[in-house]
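Just dropping this structure here.
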Amino acid sequence: MTDTQQTVYVVEDDEAVRDSLELLLKSDGKPVRTYDNANAFLKDYSDKMAGCIVLDIRMPGMDGMELQKKLNEKHSILPIIFVTGHGDVPMAVDAMKEGAVDFIQKPYREEALLQKIEAALEQDREQRKTLGEKQEILRRVKSLTPREHEIMDRMIAGQANKVIAIELEISQRTVEIHRSRVMHKMGTHSLAHLVRMVLSVKDLIDER
């Protein structure tokens, strides 16, 4: 599955509630997909999915918090809104500590739920924009040769061309050429900008 359109994924075991949510969201012009249990959603899940999840906490089998944990293990960035009964509020608070963006108690006002969903969709858009920018920076970093990468690391560390040349036992002119290529491939003319770019993807570089 390769969803690129933002979709509201409803995971709710109560058929009446599920159908009601589907009708509400469609009437508001939002693409929606429903699931009657957490395992069904997990089976369908892809990191290409965009949108948000409206997730019931208490469900037979895998409950909402277990699903959240499994999605966290998959590094999912889909915002989660938990739908809770009155007695589930402490659980919902715990779920938010684990990354859920919001929760809403049953019975809820439709307008309030739609507002929370719109906020979650906006968060998803912003996260994906940032992730896209990071992936582009990472692509540029990967385009560097091993020597260019080595030079870039030393540039970021603040080493002067003369120092780099001495430590790598190459000419200062060679360092200047590599330095110019690094800046060109990374798409910047500013060392400060280069530093900011590389630091923004350091976690992704370290994972590799």
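The values are calculated or read from the model by the stated rules, or taken from the named source; none is laboratory data. What you see is a predicted model; the values in this text were computed from it and never measured. Cβ: placed from backbone, ideal geometry, glycine included. Neighbour counts: every protein chain shown. Note: accessible area is taken over every heavy atom of the protein model, side chains too, but ligands, DNA and RNA are not part of it. Shrake-Rupley method; radii C 1.70, N 1.55, O 1.52, S 1.80 Å.
Yes or no: Leu131 of a type in the set (A, V, I, L, M, F, W, C), open to solvent by 50 Å² or more (accessible area, probe 1.4 Å), at negative phi and within 25 Å of the chain's Cα centre (by Cα)? Steps first, please.
Details: of a type in the set (A, V, I, L, M, F, W, C): yes; open to solvent by 50 Å² or more (accessible area, probe 1.4 Å): yes; at negative phi: yes; within 25 Å of the chain's Cα centre (by Cα): yes.
Criteria met by Leu131.
Please name all residue pairs, on different chains or six or more residues apart, with Cβ atoms under 9 Å, provided the first residue is in the stretch 170-194 and is under 14 Å from Gln159 (Cα atoms) and the second residue is open to solvent by 60 Å² or more (accessible area, probe 1.4 Å) and of a type in the set (A, V, I, L, M).
Gln172/Ile166
Let me ask something additional. Please specify each residue of the stretch 175-208 satisfying the condition of being of a type in the set (A, V, I, L, M), closer than 21 Å to Lys134 by Cα and either assigned to a helix (DSSP H, G or I) or at pLDDT 95 or above (or both).
Kept after step one, since they are of a type in the set (A, V, I, L, M), are these residues of the stretch 175-208: 175, 177, 182-183, 186, 191-192, 194-195, 197-199, 201, 204-205.
Those still in the list that are closer than 21 Å to Lys134 by Cα too: 182-183, 186, 191-192, 194-195, 197-199, 201, 204-205.
Result: Val182, Met183, Met186, Leu191, Ala192, Leu194, Val195, Met197, Val198, Leu199, Leu204, Ile205.
Considering only residues that are of a type in the set (Phe, Trp, Tyr) and touching a strand residue (DSSP E or B) at 6+ places or on another chain (Cβ under 8 Å), look in the stretch 1-54 and name the one that is most open to solvent (accessible area, probe 1.4 Å). Reasoning before the result, please.
Applying the first criterion (of a type in the set (Phe, Trp, Tyr)) to the stretch 1-54 yields 9, 35, 41, 45.
Then keep just the ones that are touching a strand residue (DSSP E or B) at 6+ places or on another chain (Cβ under 8 Å); that gives 9, 35, 41.
Details: Tyr9: 0, Tyr35: 18, Phe41: 0 Å².
Selected residue: Tyr35.
Name the residues in the stretch 157-167 that are of a type in the set (A, V, I, L, M) and crowded, with 16+ Cβ neighbours inside 10 Å, would you?
Answer for the stretch 157-167, where residues must be of a type in the set (A, V, I, L, M) and crowded, with 16+ Cβ neighbours inside 10 Å: Ile164, Ala165.
Just to be sure before I move on: is Met59 over 11 Å from Thr7 (Cα atoms) and either modelled with pLDDT of 95 or more or buried (at least 17 other Cβ atoms within 10 Å of the Cβ) (or both) in the structure I sent?
Considered against the rule, which asks whether it is over 11 Å from Thr7 (Cα atoms) and either modelled with pLDDT of 95 or more or buried (at least 17 other Cβ atoms within 10 Å of the Cβ) (or both), Met59 comes out as yes.
Table: residues versus (1) modelled with pLDDT of 90 or more; (2) touching a helix residue (DSSP H, G or I) at 6+ places or on another chain (Cβ under 8 Å); (3) open to solvent by 60 Å² or more (accessible area, probe 1.4 Å).
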| position | (1), (2), (3) |
| --- | --- |
| Leu67 | yes, yes, no |
| Lys70 | yes, yes, yes |
| Pro79 | yes, yes, no |
| Met96 | no, no, yes |
| Pro107 | no, no, yes |
| Glu111 | yes, no, yes |
| Gln115 | yes, no, yes |
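Identify all residues within the stretch 45-63 that are acidic (Asp, Glu) and over 18 Å from the mean Cα position of the chain (by Cα); write none if there are none.
The answer is Asp56, Asp63.
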